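Student: Sharing a structure with you now.
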Amino acid sequence: MSETCLLNTALKIVVGSTNPVKVECVRQGFSRVFPKALLDVQGINVSSGVSDQPWSDAETLRGAANRAASTQQAQPDAEYWVGIEGGLDVIDGQLFAFAWVVIRGTHLRGQSRTAAFALPQEVAALVREGHELGDADDIVFGRSNSKQENGSVGILTGDLINRTSFYTEAVVLALIPFINPSLDFSAPG
């Protein structure tokens, strides 16, 4: 583990969203990796620079990376800047949901993707008509603002996995380069 994990130090972490789910999953993920640190986790509004509902793995990753970079530009005094972007992709005709997490530090960058899960046709049809996933969920399941609560994954699993826990694992995985700073996680070439 990194020396930072062992220190009782303050860490300022800025999340590129004010969505309480995204802020909380970052808090939980960093708490697991840096259990002795005093965490100051803040969310700010920044643009993803991609469509409101990203439609591919690549576009979703780009949105998370853009959020992390914009957050760093807006609040350069932090130690970490986090972008989280949920997206959709069609695989063999079925619509799948997932998210990317990008974490920037002063000298390192980490990224990870959540697992993906299939969406029911009732939700997928509304998304294909132009609704964002959270709005489609609200329509199909008679909810209001579910994307700031348990999200699709919580609704579909009966809260066995909610949106916060779904994203928290990816936050921890995106912190791998920070946990192992002596290893090289840069892209080859």
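The values are calculated or read from the model by the stated rules, or taken from the named source; none is laboratory data. Given the structure is predicted, the values throughout are model-derived calculations rather than measurements. Neighbour counts are summed over all protein chains in view; Cβ atoms, including those assigned to glycine, are modelled from backbone coordinates with ideal geometry.
Student: At least 3 residues that are of a type in the set (D, E, K, R) and surrounded by fewer than 22 Cβ atoms within 10 Å (Cβ to Cβ) in each: list the strands (runs of 3 or more DSSP E) lying fully within segment 54-161 that qualify.
Tutor: Ranges flagged: none.
Student: Which one is surrounded by the most Cβ atoms within 10 Å (Cβ to Cβ) among residues in segment 169-189 that are assigned to a loop (DSSP other than H, G, I, E, B) and touching a helix residue (DSSP H, G or I) at 6+ places or on another chain (Cβ under 8 Å)?
Tutor: Result: Leu175.
Student: Identify, please: which residue in segment 9-26 is closer than 19 Å to Trp100 by Cβ and among the charged types (D, E, K, R) and is, among those, surrounded by the fewest Cβ atoms within 10 Å (Cβ to Cβ)?
Tutor: The qualifying residue surrounded by the fewest Cβ atoms within 10 Å (Cβ to Cβ) is Glu24.
Student: Among the residues of segment 42-53, count how many are of a type in the set (S, T, N, Q) and either assigned to a helix (DSSP H, G or I) or surrounded by 14 or more Cβ atoms within 10 Å (Cβ to Cβ) (or both).
Tutor: Residues flagged as of a type in the set (S, T, N, Q) and either assigned to a helix (DSSP H, G or I) or surrounded by 14 or more Cβ atoms within 10 Å (Cβ to Cβ) (or both) within segment 42-53 amount to 3.
Student: Here's something else I'd like to know. Given the condition among the charged types (D, E, K, R), under 14 Å from the mean Cα position of the chain (by Cα), modelled with pLDDT of 95 or more and buried (at least 21 other Cβ atoms within 10 Å of the Cβ), answer yes or no: does some residue in segment 27-41 qualify?
Tutor: No, the conditions are met nowhere in segment 27-41.
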